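Down below is the structure, laid out as structure tokens.
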Amino acid sequence: MSHVSRRLGSTRSEEERSHHPGEGPTVLIDTYDRVATDLRVSLTDKCNLRCTYCMPEEGLQWLGKSELLSDDEIVRLIRIAVTRLGITEVRFTGGEPLLRPGLVSIVEQCAALTPRPRMSLTTNGIGLKRTATALKAAGLDRVNVSLDTLRPDVFKTLTRRDRHKDVLDGLEAAHEAGLTPVKVNSVLMPGLNDDEAPELLAWAVAHGYELRFIEQMPLDAQHGWKRDGMITAGDILASLRTRFTLTPESDASRGSAPAERWTVDGGPHRVGVIASVTRPFCRACDRTRLTADGQVRTCLFAREETDLRGALRGDAPDEEIAQLWRTAMWGKKAGSGLDDPSFLQPDRPMSAIGG
Ligand code: SAM
Ligand code: SF4
């Protein structure tokens, strides 16, 4: 019996134990008693934008074709996660996941799993106009679209591409296709769009999108992040309060969600802030991550990875892969370490981990 199952045997119910007799437990638990139920899958490290807080203008050294998991390998790992490890939520991300040719088929195959996981997509929205209906039909539940500004010229500066209208069209198509609630992720950058918070919220309320601001994190490939320069959750809330009345939702309604949420002008509309830097939520974290080349990461900020691709390609049986995953998660650290003076940014940037 592994240390994981020994511990689980003492703290978790019979139900949570293996439904594969003689095999490991059907949960991904760590030494802080956190259970991961939410899997983030990066489908590619490539992107068609170059957001300044994410990657340099010239792009990055992309993963080679043989390094990337195939569609079948991705579906197999998600099946193992859902049927043997208690994963109930799957979010596809990247890089830009809409660049993955097999996306619709991957979603369709995951929708056929039992139990069926809830599925969402984090995307920059370019190409969503074309694919939203097919994604919904394949079984995708909802989308998060990243949009940092309502000003096309600022968008061009921030992303180094002139594609603002494509994102707006993508958002509209997602809403019409029923990929709801459509959430919008915004990062505010000093001197570029840091004055836009109220404008973005008014626009989101008018369109029925749920807006969430994300604090800029030290995950850019260029290592340009500076704590002094970043726009904090406190700055964002102060700016929003110049125009809106915000009422905090209770901690209970937050659960393990990274966003703290406020109702806007008495509701029903809400706004969220993901304050990974100034108000970390590691104690409630329920995430596990899989990179496009088949590495398990326990945290965005982890410096260690566990290789599942080697096991997959070495013909390991499902249970052996599940056990590698359990062992990786068992070693999850208490927190991101961002406040530790010895903090070191992970080698992989956000776009290669999957945000
Ligand atoms: N390309 C897709 C997109 O932009 O939505 C998915 C991947 S992207 C890495 C996921 C999210 O991470 C986006 O909302 C993006 O704004 C955010 N992001 C990227 N780099 C970031 C950073 N350094 N700090 C905070 N958020 C970041
Ligand atoms: Fe691409 Fe998303 Fe990174 Fe922007 S944040 S460069 S859209 S991966």
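Quick test for you: out of Gly229, Gly266, Gly272, pick the one residue that is of a type outside the set (Val, Ile, Thr) and either over 30 Å from Asp45 (Cβ atoms) or free of Cβ contacts under 8 Å to residues at least 24 places away in the same chain (or both). Spell out the reasoning first.
Details: Gly229 fails: either over 30 Å from Asp45 (Cβ atoms) or free of Cβ contacts under 8 Å to residues at least 24 places away in the same chain (or both); Gly272 fails: either over 30 Å from Asp45 (Cβ atoms) or free of Cβ contacts under 8 Å to residues at least 24 places away in the same chain (or both).
Step by step, each of Gly229, Gly266, Gly272 is checked, and only Gly266 is of a type outside the set (Val, Ile, Thr) and either over 30 Å from Asp45 (Cβ atoms) or free of Cβ contacts under 8 Å to residues at least 24 places away in the same chain (or both).
Residues in segment 332-351 that are within 16 Å of ligand 2 (Cβ to nearest atom) and either among the small types (Gly, Ala, Ser) or farther than 15 Å from Asp45 by Cα (or both): how many? Break it down stepwise before answering.
Initial filter on segment 332-351 (within 16 Å of ligand 2 (Cβ to nearest atom)): 345-346, 348-351.
If we keep only those that are either among the small types (Gly, Ala, Ser) or farther than 15 Å from Asp45 by Cα (or both) as well, we get 345-346, 351.
Of the residues in segment 332-351, 3 are within 16 Å of ligand 2 (Cβ to nearest atom) and either among the small types (Gly, Ala, Ser) or farther than 15 Å from Asp45 by Cα (or both).
Exactly one of (1) within 16 Å of ligand 2 (Cβ to nearest atom); (2) touching a strand residue (DSSP E or B) at 6+ places or on another chain (Cβ under 9 Å) is unmet by Leu240. Its number?
All conditions are met except number (1).
Within segment 120-152, how many residues turn out to be among the acidic types (Asp, Glu) and either at positive phi or within 15 Å of ligand 2 (Cβ to nearest atom) (or both)?
1
Of (1) under 27 Å from Ala221 (Cα atoms); (2) at pLDDT 95 or above; (3) not basic (Lys, Arg), Tyr32 satisfies all except one. Which?
In the conditions (1) under 27 Å from Ala221 (Cα atoms); (2) at pLDDT 95 or above; (3) not basic (Lys, Arg), Tyr32 misses (1) alone.
Just to be sure I understand, how many residues within segment 77-119 are within 15 Å of ligand 2 (Cβ to nearest atom) and either among the charged types (D, E, K, R) or not in a helix (DSSP H, G or I) (or both)?
Number of matching residues: 7.
Going through segment 263-277 one residue at a time, which ones are of a type outside the set (S, T, N, Q), out of contact with any Lys or Arg (no Cβ under 6 Å at 6 or more places or on another chain) and either more than 12 Å from Val187 (Cα to Cα) or outside any strand (DSSP E or B) (or both)?
Scanning segment 263-277 gives Val264, Asp265, Gly266, Gly267, Pro268, His269, Val271, Ala275, Val277.
State whether one or more residues within segment 61-76 are of a type outside the set (A, V, I, L, M) and within 16 Å of ligand 1 (Cβ to nearest atom). Steps first, please.
First, pick out the residues of segment 61-76 that are of a type outside the set (A, V, I, L, M): 61-62, 64-67, 70-73, 76.
With within 16 Å of ligand 1 (Cβ to nearest atom) added as a condition, the list becomes 62.
The answer is yes, given that some residue of segment 61-76 is of a type outside the set (A, V, I, L, M) and within 16 Å of ligand 1 (Cβ to nearest atom).
Within segment 286-296, does at least one residue satisfy the condition of being at positive phi, within 14 Å of ligand 1 (Cβ to nearest atom), of a type outside the set (Lys, Arg) and crowded, with 19+ Cβ neighbours inside 10 Å? Quick ask: steps written out before the conclusion?
Initially, segment 286-296 is screened for residues at positive phi, giving 294.
Then drop every residue that is not within 14 Å of ligand 1 (Cβ to nearest atom), which leaves none.
No, because not a single residue in segment 286-296 is at positive phi, within 14 Å of ligand 1 (Cβ to nearest atom), of a type outside the set (Lys, Arg) and crowded, with 19+ Cβ neighbours inside 10 Å.
Taking only pairs six or more apart or across chains, which ones have beta-carbon atoms under 8 Å, a first residue in segment 157-170 that is under 13 Å from Cys47 (Cα atoms), and a second residue that is of a type in the set (Ser, Thr, Tyr) and within 12 Å of ligand 2 (Cβ to nearest atom)?
Here the result reads Thr159/Thr52; Arg160/Thr52, each pair linking segment 157-170 to a residue that is of a type in the set (Ser, Thr, Tyr) and within 12 Å of ligand 2 (Cβ to nearest atom).
Could you figure out which of (1) within 25 Å of Asn124 (Cβ to Cβ); (2) in contact with a Phe, Trp or Tyr (Cβ under 9 Å, 6 or more places away or on another chain) isn't true of Leu60?
Unmet condition: (2).
What pairs come up if the first residue lies in segment 32-49 and is within 24 Å of Lys333 (Cβ to Cβ) and in a strand (DSSP E or B), the second is of a type in the set (S, T, N, Q) and near ligand 1 (Cβ under 10 Å from one of its atoms), and their beta carbons are under 6 Å apart, counting only those six or more places apart or on different chains?
Once the first residue is within 24 Å of Lys333 (Cβ to Cβ) and in a strand (DSSP E or B) and sits in segment 32-49, its partners that are of a type in the set (S, T, N, Q) and near ligand 1 (Cβ under 10 Å from one of its atoms) give Arg40/Thr93; Ser42/Thr93.
Can you pull out the residues in segment 313-355 that are within 16 Å of ligand 1 (Cβ to nearest atom) and in a helix (DSSP H, G or I)?
Result: Met350, Ser351, Ala352, Ile353.
Which residues, counting only those in segment 108-124, are under 15 Å from the mean Cα position of the chain (by Cα) and not β-branched (Val, Ile, Thr)? Lay out the reasoning, then the answer.
First, pick out the residues of segment 108-124 that are under 15 Å from the mean Cα position of the chain (by Cα): 118-124.
Arg118, Met119, Ser120, Leu121, Asn124, listed by residue number.
The values are calculated or read from the model by the stated rules, or taken from the named source; none is laboratory data. Because the structure is predicted, anything quoted here is derived from the model rather than measured. Positions of Cβ are generated from backbone atoms using ideal geometry, with glycine treated the same way; all protein chains shown enter the neighbour counts.
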